[in-house]
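Trainee: Structure incoming, see below.
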Amino acid sequence: DRLVTGVQTCALPICPDKPNCVSTRSPISLHAIAPLTYKGSQQEAKVKLLEVIKLMPRTHVVTNKDHFLHIEFTSKIFRFIDDVEFYFEDPGTIHFRSASRVGHSDMGVNGERMEEIRRNFRSG
């Protein structure tokens with residue numbers, strides 16, 4: 001299971017060769033996005049991030065480990081699931097990967113969602 005592997009190795013899987021994934025670890029501009037940053041402790045940042053996520057519709061926390069979160073976001077109409085994985089790297093950086101489970105293009109949904117999380121995380 002690739003998600004378990006991510007938790008154990010602290011590595012986020014690479015994005016597939018489709019425009020439905022963004023990752024802070026991707027060297028490919030199509031998928032590249034800046035990580036989240038924070039001041040204070042990792043635990044404080046994790047609590048704040050979970051608060052931001054829980055205010056978003058149709059979310060489910062699948063895994064909550066020390067340095068790792070896996071969240072499922074379900075689309076409203078077609079009930080597609082997107083997987084978002086966060087890896088907390090000290091000091092002050094949260095790497096993430098957000099990808100659709102099915103399909104080719106997501107019409108920019110994953111990138112937009114991550115920027116919404118970034119705005120709410122900064123202002124929260």
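The values are calculated or read from the model by the stated rules, or taken from the named source; none is laboratory data. Keep in mind it's a predicted model, so treat the numbers as computed, not measured. Cβ atoms come from the backbone with ideal geometry, glycine included; neighbour counts cover every protein chain shown. With ligands, DNA and RNA removed, areas are computed over all heavy atoms of the protein, side chains included. Shrake-Rupley method; radii C 1.70, N 1.55, O 1.52, S 1.80 Å.
Trainee: Give me the distance between the Cα centres of region 66-107 and region 29-62, rounded to whole Å.
Mentor: Going from one Cα centre to the other spans 10 Å.
Trainee: Now for a different question. Ignoring trypsin sites (Lys or Arg not before Pro) that are buried or in helix or strand per DSSP, and keeping those with at most 13 other beta carbon atoms within 10 Å, what is the longest stretch of the chain between them?
Mentor: 1-38
Trainee: Using the heavy atoms of the protein chains and a 1.4 angstrom probe, tell me the accessible area per residue for the chain in square angstrom.
Mentor: Values: 7100 Å² over 124 residues.
Ligands and nucleic acids excluded, the result is 57 Å² per residue.
Trainee: Counting only protein heavy atoms and a 1.4 Å probe, tell me what percentage of the chain's accessible area is made up of carbon and sulfur.
Mentor: 56
Trainee: Which residue, PRO27, ASN110, THR93, has the largest displacement toward the positive end of the dipole of the chain when charges sit on each Cβ (Lys, Arg +1; Asp, Glu -1)?
Mentor: About the Cα centre, the residue reaching furthest to the positive side is ASN110.
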